[in-house]
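The values are calculated or read from the model by the stated rules, or taken from the named source; none is laboratory data. Because the structure is predicted, anything quoted here is derived from the model rather than measured. Quick reminder, even Gly has a Cβ in these numbers, built from the backbone with ideal geometry, and neighbours come from all protein chains shown. Quick note on the areas: whole protein, heavy atoms, side chains included, nothing else; ligands and nucleic acids left out. Shrake-Rupley method; radii C 1.70, N 1.55, O 1.52, S 1.80 Å.
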Amino acid sequence: MSALKIKKGDQVVVLSGKDKGKTGTVTKCSPKEGKVIVGGVNLATRHRKPTQANPQGGLERIEAPLHVSKVAIAVDGKPSRVRFEVRDGKKIRVAVKSGEAIDG
């Protein structure tokens, strides 16, 4: 895969699936798999048995990875595509909708 247009720390909107419309911050990126983990979105429940480390056991909710095509950068709360431009000799990310530079 090419370089991801979404980076850790970006505010994103989920475009499809059970969490469509939710916003969150990217906590982890996996460019090789083309996946991102968004805080508070796409929660998966794991049933954990009691162990010495966790004597209580019970349900554990973790954020599962989402494919990068299912999220878009949030510009003023609305999704926008991202393109790369060269400005002042530097390659930067730019929001397609507004044309403003995205601080990475």
Given points 7 Å out from each Cα along the Cα-Cβ axis, report the Asp103 to Leu15 separation in nanometres with one decimal. 2.6 nm
Express the carbon and sulfur contribution to the solvent-accessible surface of the range 17-73 as a percent, rounded to the nearest whole number, probe 1.4 angstrom. 51 percent
Go through the range 67-81 residue by residue and turn each phi into a ³J(HN,Hα) via Karplus (6.51, -1.76, 1.60, θ = phi - 60°); whole Hz please, and just put x for glycine and proline. 5, 5, 6, 8, 10, 9, 4, 8, 10, 6, x, 10, x, 9, 6
Over the chain, give the accessible area per residue in Å² for a 1.4 Å probe, as an integer. 69 Å²
Just order 82-91, 40-49 by mean Cβ neighbour count inside 10 Å, highest at the front, would you? 40-49, 82-91
Calculating Rg and Dmax of the Cα atoms in Å from this structure picks out, from (i) 16.7, 57; (ii) 12.4, 37; (iii) 17.7, 56, entry (i)
Modelling each spin label as a point 7 Å along the Cα-to-Cβ direction, I'd like the Asp76/Arg61 distance in nm, to one decimal. 3.2 nm
Mean Cβ count within 10 Å, highest first, over the residues of peptides 66-73, 96-103: 66-73, 96-103
Can you spot the aspartates and glutamates whose alpha carbon is less than 16 Å from Lys5's alpha carbon? Ignore those fewer than 8 places along the same chain. Glu33, Glu85, Glu100, Asp103
